[in-house]
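**Q** Here it is, the structure, as structure tokens.
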């Protein structure tokens, strides 16, 4: 239970770190996305392996979570102190957050549009790949006679008039070859 709760908190924290450059650019740094991915991975492992974490391993996970939380608090305080008073004031305004959320929504809508065009292009490509390829051969058919009775009569006439050669007797082996 505790591992699942810690994993869910880590997933939320990782998502918040990933969204930090979109929502609060003043507080973000260039490598935040990598650390956000690591925290998301930690949360995923904690949620999926919660049944195996009991006793001493769970105590280790709990202590690690407390250390990560303390480090995140120190980093966020250091970043807050680096901001000017004007930036700190602006960060608390609702107008700024509304603008940031609108920009994030526009970015998400643009991403969804790109994904839909990419999937439609991929589906078109897949349908083209699944279609049988046309060969370069061209089949030429002889002209058909006017009716099938003519064809039958031609076949019968050719069989009747065909000469069948009589079978020739096999030569007998000579005595010099038999020995």
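Bear in mind these aren't lab numbers, they're just calculated from the coordinates by the rules spelled out. The structure displayed is predicted, hence computed values, not measured ones. When we count neighbours, we look across all protein chains shown, and the Cβ atoms used for this are built from the backbone with ideal geometry, even at glycine.
**Q** Give me 12, 170, 46, 40 sorted ascending by neighbouring Cβ count inside 10 Å, so fewest comes first.
**A** Lowest count first: 170, 12, 40, 46.
**Q** Calculate the FRET efficiency for residue 56 and residue 80 from the Cβ-Cβ distance with a Förster distance of 30 Å, rounded to the nearest 0.05.
**A** Result of the calculation: an efficiency of 0.25.
**Q** Report, in whole Å, the centroid distance computed from the Cα atoms of the range 91-108 and the range 29-68.
**A** Centre-to-centre distance over Cα atoms comes out at 29 Å.
**Q** Let me ask something additional. Report the calculated FRET efficiency for residue 125 and residue 49 (r = Cβ-Cβ distance, R0 = 30 Å), to the nearest 0.05.
**A** 0.20
**Q** Neighbouring Cβ atoms within 10 Å as the yardstick, rank 61, 140 fewest first.
**A** The fewest-first ordering by Cβ neighbours comes to 140, 61.
**Q** Mind ordering 69-78, 21-30 by average Cβ neighbours within 10 Å, highest first?
**A** Top to bottom by mean Cβ count within 10 Å: 21-30, 69-78.
**Q** Another one. Taking 22 Å as R0, compute the FRET efficiency from the Cβ-Cβ separation of residue 94 and residue 29 and round it to 0.05.
**A** FRET efficiency, residue 94 to residue 29: 0.30.
**Q** Then there's this: Quick one: length gained pulling residue 16 to residue 111 fully straight, 0.36 nm per residue minus the C-alpha distance?
**A** Full extension of this stretch gives 32.3 nm more.
**Q** Sticking with this structure for a sec: Rounded, prolate or oblate: which one fits the range 2-104, using the alpha carbon gyration tensor with axes a ≥ b ≥ c (rounded when a/c is under 1.5, else prolate when a/b beats b/c, else oblate)?
**A** Because a/c hits 1.5 or more and a/b exceeds b/c, the range 2-104 counts as prolate.
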